[in-house]
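Everything below concerns the one structure shown next.
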Amino acid sequence: MNARRRPVLLPLVHTCAAVLGLGSLTVILWTGIEERGIALAFGLLVTVGELTRWTGAARVREAAPLGAAGALSYALLGADAGQPTHHGVAQVVAVVLAASLLGSVPHIARGQGPVLDHLVRRVLTVGFAAVCYQPLYNRGVFGEWGGPAYALLLLALLALTALCDCVLAAALAHSRTGWPFGPLLRDELRALLGIGSAVCATGAVMALAVAVVGLWALPVFSLPLLLTQMSFRRYAAVRTTYRQTIASLARATEIAGYTPAGHAHRVAALSRAVGRDLGLTRPELAVLEYAALMHDIGQLSLIDPVPAGATAVLPVAEQRRIALLGGAVVRQTGVDAAVAVVVERQADPCRQQPVAARIVRAVNAYEEKARAAGPGGPLTALEELRLATAGDYAPEVVEALARVLTRDCLTLPAAG
């Protein structure tokens, strides 16, 4: 099956990065380092950037923005205080690779080191930028470029490098997970407008400033990006707290005995996987996950709990009443109104539901049916959903659910 094919892109990209990195290190060991002071300064900047990298639970596109900006500025460095430099592509890659590995040592020792894809992307993107700039600069092609034209050249090269990095990141994620490439690339491009634009701008400014005033420009222009990184950490902490609050609210039905333990988290995890398979974007996935966590909160209005919290077997009118009451509760919590809409419309006719509501409805029914059917529950539940797709469940959602379960060997997601 396609889901079981051995990914070809991952080993290919990793091999290319390994060849480039090891080849560059070999060349530098053989020929020596040009302008050691400059190499040491930029190597130290990249190391500090990796030491201060974001290691929180939230997934971020660029965990070490200072390290990325320093690496890109070194790749596009043409002069130091008016004096032309002579380092080439191999030295840029070797210095960035060595500094990135050195800065990652404390994180790796704590079990928080970067995944291999992080280093692979860093080596390949820096190598790409250096290949585009260094050979032409060393041949004197940019000798007569100055002022705004030279600045625009650096920005254009950085923008092209950032776009290539987005494509590479999306391709690696697609190869690892099997999720659709288009939505992954769209998420990467959207994230590029945030911290990615700050990294590109800082990289260009550093290269231009060092060319004029020398290496003293590095600490001066590093400070704004460090402050931006600190602000981003606070924002990520707020988002994490927000999600934890929603997860705590979702446990209210479990504590009250209305739903089985871990039901909301299982539905949320499987809904997010189905949403990924269907190509939902990152903001849409966030709404889907929050709605899935809180989809049963309307059961708190019931005098007598539904046996095992299985709302899928209730009459449609009762399902709709519980959904509307749940949406009202969600609106009172201050959660995004889009989440309340998904919760409210779980019991609507399938064709009238938004995609997120279709997903939550199908996944909730699957989890309830699989739990009640014993050892063969997953297969039995999936077959029941397929037979009911004519009116109750969206066929495309059920098929996406089947693909996700196939990748997981038809097992229920782990609780929590």
THR177 versus VAL105: modelled label distance in nm, points set 7 Å from Cα along the beta carbon direction: 3.4 nm
In the Gaussian network model of the chain, springs joining C-alpha atoms below 10 Å, which of ARG371, ARG110, ARG351 carries the largest mean-square fluctuation? ARG110
If you count, for each residue, the other Cβ atoms within 10 Å and average over each peptide, how do 77-88, 28-39, 333-344 line up from highest to lowest? 333-344, 77-88, 28-39
SER301 accessible area, assembled protein chains, probe 1.4 Å, Å²: 50 Å²
Take peptides 381-387, 141-147 and line them up by average Cβ neighbours within 10 Å, highest first, as a rough protection proxy. 381-387, 141-147
How far apart, in nm, are the 7 Å Cα→Cβ label points at ALA328 and VAL167? 5.4 nm
From a point 7 Å beyond the Cα of ALA151 in the direction of its Cβ, which residues of the stretch 203-232 have a backbone N at a distance under 15 Å? 203-213
Average accessible surface area per residue within the chain, 1.4 Å rolling probe, Å²: 47 Å²
In whole percent, the fraction of accessible protein surface over the chain that belongs to carbon or sulfur atoms, probe radius 1.4 Å, stands at 66 percent
Using only DSSP helix segments of four residues or longer, with each worth -39500 (n - 2.57), what per-residue ellipticity at 222 nm results for the chain after dividing by its residue count and rounding to 500? -23000 deg cm²/dmol
Going through the DSSP H helices of the chain, which span 20 Å or more along their own axis at the Cα atoms while scoring at least -0.5 as a mean Kyte-Doolittle hydropathy? 9-31, 36-51, 89-109, 116-138, 147-177, 197-213, 217-250, 263-277, 316-332, 355-372
LEU9 and ALA261 label points (each 7 Å along its Cα→Cβ direction) are spaced in nm at 4.1 nm
Max mean-square fluctuation residue, GNM over the chain, Cα-Cα springs under 10 Å, options GLY43, GLY203, GLY111: GLY111
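The values are calculated or read from the model by the stated rules, or taken from the named source; none is laboratory data. The structure presented is a predicted model; accordingly, all values stated were derived computationally and were not measured. Cβ atoms come from the backbone with ideal geometry, glycine included; neighbour counts cover every protein chain shown. Just the protein is used for accessible areas: all its heavy atoms, side chains included, with ligands, DNA and RNA removed. Shrake-Rupley method; radii C 1.70, N 1.55, O 1.52, S 1.80 Å.
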